[in-house]
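> Before anything else, here's the structure in question.
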Amino acid sequence: MAALSYMQRQASGTYEFRKRLPETLAGKPAPSHMRDGFSDLINAKTGNFKRELDRSLETKDLKEAKRRDHRAALRATQLFDAAVDALVPRSLPEPSAGLDLNELGDEILAGLLGADEAERVEGDDRRHLQTPRDRAKGSDLVKVPPSSQIGMSLDHFHAYGDLLPEFEDEYRQALARRDPTIVFPGTNIALKLRGRYLSKSSREFQDAARLRGMPCVPDAAG
């Protein structure tokens, strides 16, 4: 099974996730109203958005790294979309206002489906992270589409297809256990867009994830 396009192996043997930020964000000054809610995307020293989001996958096992890479890619796409949407301040409900859980669930589902579509359209980040000359130095590296071409490369498509059933099964098991932690990232982003900054340990946050995040996820993952 081919490795996904946002994953690379460090010299230590540990795999890491890397994905470029959208052009509307990359390297640009971050508005003050976004610095608390989107700190993962902002360079604390410069106050500008980072150009890439990278984080360790904390494993040297290729199969496990692929699972974690796929999850990280979906979460990153959701976070990028939320950040682009939050660039322009908008009127938000007061923090004391009650949550519309149906609307929240719709947003979480839309985020998952949007992340899936972006993965298919944006395709292979290897064409941006490495030049054709760099890739030609490795005889075992597959060819990737040029940077001007949208869509998935064939090995990316196969890897993505292999992982989706595993990803769906994780969600179904979490739903059966009534464990909402698997949808915490999407719930957190949806709440931030409403101006709600709730602790993940709070009952209100966990109920929002359990009641509206989890029921929609298994179908979305497939």
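> Any idea how many residues of the stretch 22-41 are surrounded by fewer than 19 Cβ atoms within 10 Å (Cβ to Cβ), within 18 Å of the chain's Cα centre (by Cα) and not in a loop (DSSP other than H, G, I, E, B)?
Qualifying residue count, the stretch 22-41: 2.
> Could you grab the pairs with beta carbons closer than 7 Å, sequence gap of 6+ or different chains, first residue in the stretch 57-80 and surrounded by fewer than 17 Cβ atoms within 10 Å (Cβ to Cβ) and modelled with pLDDT of 80 or more, second one among the charged types (D, E, K, R) and part of a loop (DSSP other than H, G, I, E, B)?
Here the result reads none, with nothing in the stretch 57-80 linked to a residue that is among the charged types (D, E, K, R) and part of a loop (DSSP other than H, G, I, E, B).
> Just checking, how many residues over the stretch 2-16 are in a loop (DSSP other than H, G, I, E, B) and of a type outside the set (A, V, I, L, M, F, W, C)?
So the first thing to find is which residues in the stretch 2-16 are in a loop (DSSP other than H, G, I, E, B), and the list is 2-6, 10-14.
Checking which are of a type outside the set (A, V, I, L, M, F, W, C) leaves us with 5-6, 10, 12-14.
The number of residues fulfilling the criteria is 6.
> Could you tell me which of the residues LYS45, LYS19 is within 28 Å of ARG196 (Cα to Cα), assigned to a loop (DSSP other than H, G, I, E, B) and out of contact with any Cys (no Cβ under 6 Å at 6 or more places or on another chain)?
Values: LYS19 fails: assigned to a loop (DSSP other than H, G, I, E, B).
The unique qualifying residue is LYS45.
The values are calculated or read from the model by the stated rules, or taken from the named source; none is laboratory data. None of these values were measured; they are calculated from a predicted model. Heads up, the Cβs are rebuilt from the backbone with ideal geometry, glycines too, and the neighbour counts pull from every protein chain shown.
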